[in-house]
Amino acid sequence: MATIIAFSKDRPLQLHAYLESILLYGDIKQELVNVIYLQTGNIS
C-alpha cells in the first residue's frame, strides 16, 4: 500500500490539479494522501 506526501508552497491551483490527477488516474485512496503546505504573503 502506497502513501503519498505532497509538498506545496504558494501554488494552490497546481496542488489541486495534482491531487485530482493522482486520485483519478492512480490506484490510491484519498485517506492515504497527506499534504504539507506553506502559504506566504497576503491573500487578496
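Bear in mind these aren't lab numbers, they're just calculated from the coordinates by the rules spelled out. Computed from a predicted model, the values in this text were never measured in an experiment. All Cβ positions, glycine included, derive from the backbone under ideal geometry; neighbour counts span all protein chains shown.
Things worth noting here:
- Sequence of Ser8, Ser21 once ranked by neighbouring C-beta atoms within 10 Å, starting from the fewest: Ser21, Ser8
- Two numbers describe the Cα atoms of the chain: Rg and Dmax, which are 11.8, 40 Å.
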